[in-house]
Amino acid sequence: MRVLLSILMLTFFVSCSKKTFVEDKVFAGGVHASAWKLNKGEQIYKEYCMACHGVKGDGKGPAHKGMKVPPRDFTLGIYKFGKITTGELPHDRHFYDILKYGLHGTAMLPWDLTEGQMDAVVQYIKTFAPKVWEGKDKKLGAEILPSADPFGEAHRSAAIQKGKEIYHGVANCQSCHRGYVSLEEFSGINKKINGEGVAELDADFYKVKPQETEYGYLSIPPDFTWDHVRSASTVEELYVRLAAGVGGTAMPAWKDTITDEEIWAVAYYVKSLMDVKDTPERKTLMSKLK
Ligand code: HEC
Ligand code: HEC
């Protein structure tokens, strides 16, 4: 009996000392995470996430090699797809959405986790970037929610036309992404918006242009008719992504650069480009681009 008791005591102490976290933490936005939750988050992380994101959270897990889009390095404390202006800290539910729906076209697949499991693992990944997350004084970004859609389904074609003009003539999205209009149409758009036509197209007008990132690799802006858009499928989700930008990359937050109505118009236009992906219409569109 005595022996059994001491074995029990011993296993109790060993299992206690194995716990990484013994104290609770307070993260940005006053989010409280108990030591119990952080330890649970660590377990979930080791089971499901570590293979890609790495033991140290640096994105260098055994499975990361050769991935076209590398796993996020959590030690940097910067994130691409929060629903906040780029550079600010995302809310927990923004991370939950990424876990629930995955990031289309990347190795980051959707996960079937309970709310409690998502909460635990999200709190845990914050511990890889303590300087960014820990402390009562740290603030989360203001959440970007979709405003009232000024177009709606009834005015879809007008929105797409306007979005095409903003894309090529005002925001110049093709300076990183690619153009989707002919020289003639581009010239017409410029004449209408900037008062002057255009005689020729840049040599790389129809090419996407890789951009530097804060993650230490080049990011290739998507061709919407060919590549996946990672964090958005609907016009509304595109609105949020355009307003927010993509953190740590060259993709700006458009919220304070173009008007709200213009963001909606461009969202409709980008959605119309995404809709021709994998359809014969893509070929028709491409054949007109000269
Ligand atoms: C098979 C590899 C793989 C596994 C397993 C994986 N991820 Fe990822 N994860 C990725 C890749 C790749 C990206 C980067 C996508 C990008 O940059 O667009 C990513 C990005 C992320 C991001 C960053 C989102 C942002 O806004 O920047 C978070 C958070 C994340 N993963 C959490 C997790 C969690 C939590 C788990 C475990 C439940 C997990 N991942 C498992 C590959 C993986
Ligand atoms: C200065 C360069 C730059 C400009 C200008 C730019 N983008 Fe981007 N954009 C990028 C990069 C780089 C990415 C890829 C980010 C990543 O690594 O996921 C991107 C990604 C995107 C995405 C995909 C988001 C996702 O969830 O995967 C959309 C949609 C997008 N841009 C739309 C636009 C539109 C519309 C405009 C003009 C209003 C624009 N971009 C202007 C660089 C730019």
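FYI, it's all coordinate maths here, none of it is from the lab. The shown structure was predicted, so the numbers you read here are calculated from the model rather than taken from an experiment. Here the Cβ positions follow ideal geometry from the backbone for every residue, glycine too, while neighbour counts run over all protein chains shown.
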Exercise for the section: Mind checking which aspartates and glutamates have their Cα closer than 19 Å to the Cα of Lys255? Skip sequence neighbours fewer than 8 apart in that chain. Expected result: Glu88, Glu143, Asp149, Glu165, Glu236, Glu237
Handout entry: Backbone HN-Hα couplings from phi across the stretch 144-156 [Karplus 6.51/-1.76/1.60, Hz, Gly and Pro as x]
Key = 8, 10, x, 7, 5, 5, x, 9, x, 3, 4, 10, 4
Handout entry: Val55, Val181, Val170 arranged by Cβ crowding within 10 Å, fewest neighbours leading
Key = Val55, Val170, Val181
Completion exercise
Flagged as over-length at 32 Å C-alpha distance, from Lys60/Lys83; Lys25/Lys80; Lys46/Lys136; Lys131/Lys164; Lys40/Lys271, the pairs are Lys131/Lys164; Lys40/Lys271
Handout entry: Lys, Arg +1 and Asp, Glu -1 on Cβ, resulting dipole of the chain about Cα centre, debye, nearest 20
Key = 1020
